[in-house]
Structure formats: C-alpha cells, structure tokens
Amino acid sequence: MQYLSHSFFADADASYDSADYVLFGVPYDGTTTYLAGTREGPDAIRRVTRTFETYIPDVDIDLTDIQFADLGNIEPESQPEMVVSQVEDVTRDLVADGKIPILLGGEHSVTAGAIRAIAPECYVVCDAHLDLREEYGGSPYNHACVTRRVADLGTKHIVIIGARSGTREEYEYARSLHLYTAEDVRARGIAEIIEEVLEIIRGKRTYLSIDADAIDCCLTPGLGTPEPFGITPYDIREVVRKIGPQSCAFDYVEVCPIDAGQTAAVAGKLIREFIACHWKENRMH
Ligand code: MN
Ligand code: MN
C-alpha cells in the first residue's frame, strides 16, 4: 500500500509500533451523486485540528498522554469496489497489529471495507440517509448502499440514528433494523436513545460510523448530500462519548469542505473526543 505524504492529524505523533489508535484517510468520492469534494475531507479535517488544544476539559484527558498515529491517505483506485478492498486490507493489517482503526472519509462507501475486515456484531451509524439501497447508479458499492452492504456482510445488529431520507422500500427494510430517526432524537432526546443502544450492543463487537450529514445541513453545510431537519453536533458528541468507548473501530465520513470549515471542525473535534473517551474507558490504568 502506498501512502501519500500529507498534513497530519494534530498530535498524532506516536510511532506506528507504539500507537494504540491509527488514523488513515481515504480521499475518495468516485460515486458521489450530487456535490463532489469529499476527497478533500481527510486533509480538511487534519488541517483544522491544528487549532485545537490537546486538553479536553469535559473528559479531563490530554491527548498528549495518548499514543496515536496518522498513516496519511491511501491512494484510492477509481472503482468503488477496489477502494473498498483497499480499505479492507489496511483495516485488516491494523486490527492484526492490535490497533484501533480510525478512518477519515471520503464518501461513505469506504466503510464497507472496514466492516469486511472487522466483521462486527453491531454497526451503529449516524446518518441522514438510510443508505439501504440494493444498488445505486449501477453499483452496489455506491455510498447510498453502504448500510445495506453492512447488513449483507452478516452484521447482526444495525442501529441507525438521525435518519430522515430514504425510499419507501428502504424504510420498509429498516423495520428489521434499529431505526432512530432525526425526529425520534428530537422528540425523545439523544440520552434516552443512547441508553437503548447501549443495551443492544452490550458485550458485542461494535463498529461506529459517523456520516457528517447526520447533522443538520444548516449547522454544518460542508456536505455532498445535504439534508435539513437533522440532529446536532451535541447529539453526535453524546454518541461518540457513550458509544465510542464500546466500539472497536470508528470512522467519520462524508465531510465535503465547501463551507467555511465548520463541518471539518466538528469532525476533527469528534475524532479527538473518540480517542480521548475510548482511551479513558479502555486503556487508562
Ligand atoms: Mn451515508
Ligand atoms: Mn448520508
């Protein structure tokens, strides 16, 4: 695997061997249907992290105490199924080396590769879209199909939080999953929903995926497929803080930096929250 030299995620200065967490970027937007640009997502996220303090007061953790590394970006092939294989290979290597993988998208289709490598029992995703199409634009690997692919790979428990867009068929399929719509989050509050999700995933290998468009596009407009009436950065932060520590891998996808930088800023902050909260609960002795 060839890595390109890019700017690196702030404070990711551990060596690979000593790192507990390893980030890598997948600058791919080959199946994007509306606004292109998520290929710029990984580096936009990295750049903004340079402005953040290493100390995270709410969890009382300083990131300088945590060993994490950034591999840079993979050089994606053109076809989505090939990119999925590339992501699978990298993720498999990281897991074999005992690392917690953190993937920066890129479009959501890349998540399927990480799921192939990890084969989790549970998949928790925050997304405006159900992503449950059988195929889209002629490809089953389109970003609009990723949650369906995750289901096809045998993932037993699928939890979708923040959805508000899908076809009638996708909504019918979603009845066999755990669906918490954006409206559910608004009506019930994220805390109550997270308690239910923690019951579902308790003791099971869980993968956490954040599609940036789960957040209302009026708050973070740097998105390839913007949807209004979404959940908030606070809601996602609660998910990252509570579900993150129970997860064995994490991705943050679909940041399309065509805004003033707020979408990448939220992503960068939440990736740092994931590392801090996961380490506090699992690695700190
Ligand atoms: Mn998605
Ligand atoms: Mn989406």
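Bear in mind that the values in this text are calculations on the coordinates, not laboratory data. Bear in mind that the values here come from a model prediction, so they are computed numbers and not experimental data. Cβ: placed from backbone, ideal geometry, glycine included. Neighbour counts: every protein chain shown.
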Worksheet entry | Filtered residues of the stretch 116-148 (kept if over 19 Å from Ile190 (Cβ atoms), more than 12 Å from ligand 2 (Cβ to nearest atom), in contact with a Lys or Arg (Cβ under 9 Å, 6 or more places away or on another chain) and not in a loop (DSSP other than H, G, I, E, B)) | Arg116, Ala117, Ile118, Arg148
Discussion item. Condition check: in contact with a Leu (Cβ under 7 Å, 6 or more places away or on another chain) and within 16 Å of ligand 2 (Cβ to nearest atom). Does Ile275 satisfy that?
Written reply: no
Practice prompt. Just give me the residues in the stretch 58-89 being in contact with a helix residue (DSSP H, G or I) (Cβ under 8 Å, 6 or more places away or on another chain) and in a strand (DSSP E or B), in sequence order.
Written response: Ile61, Phe68, Asp70, Leu71, Asn73, Ile74
Worksheet item: Given the conditions (1) assigned to a helix (DSSP H, G or I); (2) farther than 22 Å from Gly30 by Cα; (3) more than 14 Å from ligand 2 (Cβ to nearest atom), which single one is not true for Ala264?
Response: (2)
Response to the item:
Residue count, the stretch 120-149, condition hydroxyl-bearing (Ser, Thr, Tyr), within 11 Å of ligand 1 (Cβ to nearest atom) and more than 14 Å from the chain's Cα centre (by Cα), comes to 0
Discussion item. Here's a check for you: in the stretch 174-188, which residue that is touching a Lys or Arg at 6+ places or on another chain (Cβ under 9 Å) and surrounded by 15 or more Cβ atoms within 10 Å (Cβ to Cβ) is nearest to Glu121 (Cα to Cα)?
Written reply: Tyr180
Item to complete: Scan the stretch 210-222 residue by residue and report those that are of a type outside the set (Val, Ile, Thr) and more than 10 Å from ligand 2 (Cβ to nearest atom).
Response: Asp216, Cys217, Cys218, Leu219, Pro221, Gly222
Worksheet entry | Members of the stretch 149-180 found to be part of a helix (DSSP H, G or I) and of a type in the set (Val, Ile, Thr), listed by number | Val150
Fill in: Breaking point among (1) over 15 Å from the mean Cα position of the chain (by Cα); (2) closer than 20 Å to Leu35 by Cβ; (3) surrounded by 16 or more Cβ atoms within 10 Å (Cβ to Cβ), for Val253
(1)
Response to the item:
All conditions in (1) more than 27 Å from Glu121 (Cα to Cα); (2) of a type in the set (Val, Ile, Thr); (3) more than 14 Å from ligand 2 (Cβ to nearest atom) are true of Thr225 except (3)
Worksheet item: Got a sec? Which of Asp62, Asp70, Asp11, Asp20 is out of contact with any strand residue (DSSP E or B) (no Cβ under 7 Å at 6 or more places or on another chain) and of a type in the set (D, E, K, R)?
Response: Asp11
Practice prompt. Please enumerate the residues belonging to the stretch 17-57 that are part of a strand (DSSP E or B) and within 15 Å of the chain's Cα centre (by Cα).
Written response: Tyr21, Val22, Leu23, Phe24, Gly25, Val26
Worksheet entry | Within the stretch 149-181, considering residues that are more than 11 Å from ligand 2 (Cβ to nearest atom) and of a type in the set (S, T, N, Q), the one farthest from Val240 (Cα to Cα) | Thr167
Worksheet item: Going by the conditions given, is Lys242 closer than 25 Å to Pro42 by Cβ, more than 15 Å from ligand 2 (Cβ to nearest atom) and not in a loop (DSSP other than H, G, I, E, B)?
Response: no
Item to complete: Report, by residue number, each residue of the stretch 59-99 that is buried (at least 23 other Cβ atoms within 10 Å of the Cβ) and β-branched (Val, Ile, Thr).
Response: Ile74, Val83, Val84, Val87, Thr91
Worksheet item: Of all the residues that make up the stretch 204-219, how many are away from ligand 1 (no atom under 13 Å from the Cβ) and either more than 20 Å from Ala114 (Cα to Cα) or in a helix (DSSP H, G or I) (or both)?
Response: 4
Fill in: Candidates Ala187, Ala119, Ala128, Ala182, filtered to the one that is within 23 Å of Gly30 (Cα to Cα) and either out of contact with any Asp or Glu (no Cβ under 7 Å at 6 or more places or on another chain) or of a type outside the set (Lys, Arg) (or both)
Ala128
